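Structure record follows, encoded as structure tokens.
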Amino acid sequence: MKGRERMMSGDDDNGGGANATPETSADAYAGFWRRLFAFLADTVVLMVAGYALGTLFFDQMAALGIAGRMVGWGLAILYFGVQNSRIAKGQTLGKRLLKVRVTGIDGHLLDPGTALVRAAVLTAPWFLNVYALAALSNDRSAQILGWAIGLVLLASGMTTFYLFLFNRPSRRSLHDLLCGSCTVTAASASVPANLTWPSRRVLMGLAVPAALLAATPVVFVRFFGPTLLPIYAAVDSLSEVMTVGVTQQKTMRVVNVSGSAAPALPSEFVAVSARLRIPVPAQDQRRELAHVAAAVLKAGTLAPTTHLVVSISYGFDLGFASSYRGYGDGGPVAAWKTLIDQMAATGQN
């Protein structure tokens with residue numbers, strides 16, 4: 001059969017003889033919950049392996065920075081790709097537990113190359129989304145690349161999710177349609193029916209991310225407007241910083257049960273997190289916080305009454321497992337200015 005194996009052997013949970021012609025049945029498809037729990041079980045396996053790897057090689061994993069996501073993606077592709085192919089009879093550990101398997105639409109098990117591509121398409125939106133942050137860079141080329149990555153990943157991820165929910169009974173998603181695969185019950189001796197490209201459902205699935213993509217600039221401007229974008233760029237420019245996170249939250253007036261005004265809370269919070277390239281000794285952590293805070297204040301977009309929370313961390317992120325060691329502090333912008341001036345006066349800046 002030119003290297004492809006048909007799952008029709010009499011002793012492999014399938015029944016039927018080696019030369020039997022598979023029947024066509026929609027009942028052969030694996031159901032929603034079995035597929036979902038199989039995937040969750042596989043995720044747990046990857047998490048355990050990732051944390052074990054990170055514990056043994058913490059500094060090496062941390063030194064990878066966002067490239068750690070690429071390492072994690074590669075491991076996930078190998079895990080799902082190899083086991084969903086004929087090498088492991090189309091079953092990952094989770095699929096074995098839930099008694100489902102991946103096959104081609106012709107009833108044959110997938111060859112390793114096809115299974116690896118299938119795994120790459122399925123997992124790319126999760127592992128590569130961090131690279132979309134390049135859209136926040138000051139570099140024009142990086143901005144364009146970041147936007148392109150973000151749009152492609154959002155479109156593929158939403159389409160995959162939509163088809164999994166609504167492309168019934170097969171629940172074949174983007175990775176299945178591209179690779180000619182489907183997920184069936186392990187005991188099935190039939191090839192599922194109606195395995196054609198569901199053009200109408202695909203178009204409907206593409207309409208969902210298209211609508212989201214149209215709204216993306218509005219959402220982006222709303223949450224990363226003139227206040228946060230300069231802060232992101234300023235902290236990202238620091239040589240010791242690998243990745244940056246910036247969030248903003250406005251508080252509401254709090255009233256006690258008695259109706260009297262509660263103690264005044266800051267009207268605005270801005271939280272800035274910086275992931276560092278190297279660990280910072282405990283005695284230097286406050287100085288590093290002040291250094292990051294100085295970059296934030298240099299952006300000049302925060303009011304003196306804004307409550308600024310700054311955190312620094314050092315660790316690894318493989319996508320399915322991450323661990324950080326960090327330190328943080330917060331206070332009004334005015335208090336940060338005082339701390340920065342004090343450290344400058346003592347030569348600690």
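Read-outs throughout are calculated quantities, based only on the coordinates presented, and are distinct from any laboratory measurement. It should be emphasised that the depicted structure is a prediction, and the values quoted were computed from it without experimental measurement. Neighbour counts are summed over all protein chains in view; Cβ atoms, including those assigned to glycine, are modelled from backbone coordinates with ideal geometry.
Some observations on this one:
- Pair Leu145, Asp111: separation of 7 Å Cα→Cβ label points (nm): 3.3 nm
- For Phe32, net neighbour charge (Lys/Arg +1, Asp/Glu -1) across residues whose Cβ lies under 11 Å away: +4
- Which of Ile231, Ile77 has the fewest Cβ neighbours within 10 Å, and the rest in rising order: Ile77, Ile231
- Residues whose amide H falls under 5 Å from that of Leu109, counting only those 5 or more places apart or on a different chain, are Glu5, Arg6, Met7, Gly104, with hydrogens built in the peptide plane.
- Projecting the Cα positions of Tyr324, Ala234, Ala303 onto the charge dipole of the stretch 228-345 (unit charges on Cβ atoms of Lys, Arg, Asp and Glu, taken about the Cα centre) puts Ala303 furthest along the positive direction.
- With a Förster radius of 51 Å applied to the beta-carbon distance between Phe161 and Ala345, the computed FRET efficiency rounds to 0.40.
- Net charge, Leu64 excluded, C-beta distance under 13 Å - Lys, Arg +1, Asp, Glu -1: +1
- Extending 7 Å from Cα along the Cβ direction at Leu178 and again at Met70 yields two label points whose distance is 1.9 nm.
- Shown for Lys250, Lys337: other C-beta atoms within 10 Å of each C-beta, ranked fewest to most, produce the order Lys250, Lys337.
- Projecting label points 7 angstrom from Cα along Cα→Cβ for Arg277 and Trp33 puts them 5.1 nm apart.
- Residues whose amide H falls under 5 Å from that of Thr243, counting only those 5 or more places apart or on a different chain, are Arg275, with hydrogens built in the peptide plane.
- Within a straight-line Cα-Cα reach of under 28 Å, Lys337 can be paired with the following lysines, leaving aside sequence neighbours fewer than 8 residues apart in one chain: Lys250, Lys298.
- With R₀ set to 30 Å, the beta-carbon distance separating Arg287 from Gln249 gives a calculated FRET efficiency near 0.65.
- Under the convention that each Lys and Arg Cβ holds +1 and each Asp and Glu Cβ holds -1, the size of the dipole of the stretch 228-345 around its Cα centre is about 140 debye.
- The phi torsions of the stretch 325-338, fed into the Karplus equation with coefficients 6.51, -1.76 and 1.60 and a -60° offset, translate into couplings of 10, x, 8, x, 7, x, x, x, 4, 4, 5, 5, 4, 4 Hz, rounded to whole numbers, with Gly and Pro shown as x.
- Annotation: amide H-H contacts under 5 Å for Thr306 (H modelled 1.01 Å from N, sequence separation of 5 or more, or interchain): Val333.
- Phi-based couplings in Hz for the stretch 279-291 (Karplus 6.51, -1.76, 1.60; Gly and Pro marked x): x, 10, x, 4, 6, 9, 5, 5, 5, 5, 4, 5, 5
- Additional length obtainable on full extension of the chain from Phe57 to Ser237, 0.36 nm per residue less Cα span: 62.0 nm
- Residues in the stretch 62-102 that a label on Ala41 would reach, taking backbone N under 18 Å of a point 7 Å out along Cα→Cβ: 79-85, 88-102
- Listed values for the stretch 42-52 are Karplus-derived 3J(HN,Hα) couplings in whole Hz (6.51 cos²θ - 1.76 cosθ + 1.60, θ = phi - 60°), namely 5, 4, 5, 4, 5, 4, 4, 5, x, 5, 5, and x replaces Gly and Pro.
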